[in-house]
1. Of the conditions (1) touching a Phe, Trp or Tyr at 6+ places or on another chain (Cβ under 9 Å); (2) charged (D, E, K, R); (3) surrounded by fewer than 19 Cβ atoms within 10 Å (Cβ to Cβ), Arg313 fails just one. Which one is it?
2. Which pairs have Cβ atoms under 8 Å, sit 6 or more apart or on different chains, and link a residue in the stretch 262-276 that is modelled with pLDDT under 95 and aromatic (Phe, Trp, Tyr) to one that is near the ligand (Cβ under 9 Å from one of its atoms) and in a helix (DSSP H, G or I)?
3. Based on what the data block shows, is Asp173 of a type in the set (Asp, Glu), within 16 Å of the ligand (Cβ to nearest atom) and assigned to a helix (DSSP H, G or I)?
4. Considering only residues that are closer than 30 Å to Asn242 by Cβ and of a type in the set (D, E, K, R), look in the stretch 481-513 and name the one that is surrounded by the fewest Cβ atoms within 10 Å (Cβ to Cβ).
5. If you scan the stretch 146-166, which residues turn out to be of a type in the set (Ser, Thr, Tyr) and under 22 Å from the mean Cα position of the chain (by Cα)?
6. Would you check if Gly250 is within 14 Å of the ligand (Cβ to nearest atom) and under 17 Å from the mean Cα position of the chain (by Cα)?
7. From the set of residues in the stretch 229-247 that are surrounded by fewer than 22 Cβ atoms within 10 Å (Cβ to Cβ) and within 28 Å of Met91 (Cβ to Cβ), which is farthest from the ligand (Cβ to nearest atom)?
8. Among the residues of the stretch 203-223, which ones are among the small types (Gly, Ala, Ser) and either within 13 Å of the ligand (Cβ to nearest atom) or in contact with a Gly (Cβ under 7 Å, 6 or more places away or on another chain) (or both)?
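The values are calculated or read from the model by the stated rules, or taken from the named source; none is laboratory data. Owing to the predicted nature of the structure, the values given are computational and were not obtained by experimental measurement. Here the Cβ positions follow ideal geometry from the backbone for every residue, glycine too, while neighbour counts run over all protein chains shown.
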Amino acid sequence: MPPPVSRASVVRLLNLTSNQGCRGCGRTHSALDHHTHGHGHTGIRGMATPVEKAIGGPPPGNTDYAFEMAASTLRFGQGATSEVGMDLHNMIKQLPSMDRPQAKIGIFTDPNVIKLPVMEVVEESLMRQGLNWVVWDKCSVEPTDKSWNEAIDFARSSHITHFLAVGGGSSMDTAKAANLFANYPEADLYEFINAPIGRGKPIEKKLSPLIAIPTTAGTGSETTGTAILDIPSKSFKTGIANRALKPTLGIVDLNNTATCPKEVAIAAGLDVLFHSLESWTAVPYNERTPRPSNPINRPAYQGSNPLSDIFSRWALETTIKYLPRIAKDPFGDEEARAQMLLAASTAGIGFGNAGVHMCHAFSYPISSLNKGRPVDLQYHHPSYSPKIPLIPHGVAVSLTAPAVFNFTAASSIPRHREALGVFLGKDRSHELNNIKDQDVGRALSEEIKKFLDLVEVPRGLEKVGYGSQDIGKLVEGCLPQRRVLDLAPVLAKDDLAMEKEQLASIVEGSLRW
Ligand SMILES: [Zn+2]
């Protein structure tokens, strides 16, 4: 039998894997003494959970002490889509024999993707196995409560037993919602939507199997338990983030991004970039409060942690290297397309377990308010239908990024310096040593702007029709996004007036750059 591990070696390991600096104070602490230095992280919004000190139990305190890694099984391979019929057949075989004849697959896709070769491959694969399926092709580009409810009604009335999503994040998210609510036939939409917007109930049932086949390299939805929707009546987007929503399997196939238009590929790639950078800089899991009183309540968005860091850091580097190549040659550069697909799923594993923060919190009102504005002020991105006013999600997250990372830098200079080094690349790595700590945020902000220029992102909120008169509305739309704002470093979460002021100054700094 091996000798028991000494406490000293456990401490050493924790120190090695601990985050480099406290996002609250910017100082470096070991993982074990991280919360003993008394700079007041506890008591946020009065959600303290009393924790008994049991022998051999968790350390005292209200911050979390544990983190989990959850990800879907992922299969990467050019041409792997044609295996989906066999996957579903294998799943159906696991049902009791009397239930197998009732097995029915629901394919969730959108009006564009249904015309693409990927759907032919999928349907042929299902046909070869003699499977029974129905198609819902009305997933909307930016799903709303209305489009979700229609998809849910379809899933409930069709008695679907197995779900298959084919498309971008919108189709995958819609399929997740349809699966969830088909398994909870009595529940209304707000039952599981994140609190405080919804009731944020835990999902206690095992949902039906879901296979996701992405056709963009972006949301990473094939591996996460996140599903996002727009609620136009409230002028913001929100969602459900719960491990139970994770697809059973994601099939990531290079053939399926071969027809993706350049603007769509860039917008999707920008989402990957900020999934990586926001999860890399999110409040660490062991500074997040409250500690859950039951593990089922530990959020999917836990804060940065040693494992999500590995995924987020790799995805950041890969996106910075390959997304500009997609902008130059969206269809011909197969290597860049393949790397971006890997990066999207990898970032998905990173942020799916760590979470994102302010760029995402702002993106929800930025995208949503655009639709309710007078027609002459609405922004129409060239990637999608000219009839639909749209600021794509990836563009919406980018617009505040230069100001956001300048703001968050003080929380962990080493971490922001490392991100800056990734943007600078090998050729300019010598510049990094000359940048003083107090200038890291500004320098990172400048490098983000240069990168966004390369992929032709509009230079600031004014370019998509917002002005200083909209600052208040954008801050108000951002504030309810607690799921992500609570992971934002530096933000004064227990002082609402100060928090509003900080958010307003970020919007102001994002109007033009
Ligand atoms: Zn995103």
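1. (3)
2. So the pair list comes out empty.
3. Details: of a type in the set (Asp, Glu): yes; within 16 Å of the ligand (Cβ to nearest atom): yes; assigned to a helix (DSSP H, G or I): yes.
Yes: the conditions hold for Asp173.
4. For the stretch 481-513, the residue satisfying everything is Asp495.
5. Ser147
6. Taking the combined requirement at face value, the residue does not satisfy it.
7. Taking the candidates together, the pick is Ala244.
8. We begin by selecting, within the stretch 203-223, every residue among the small types (Gly, Ala, Ser); these are 208, 212, 217-218, 220-221.
Passing the criteria: Ala212, Ala217, Gly218, Gly220, Ser221.
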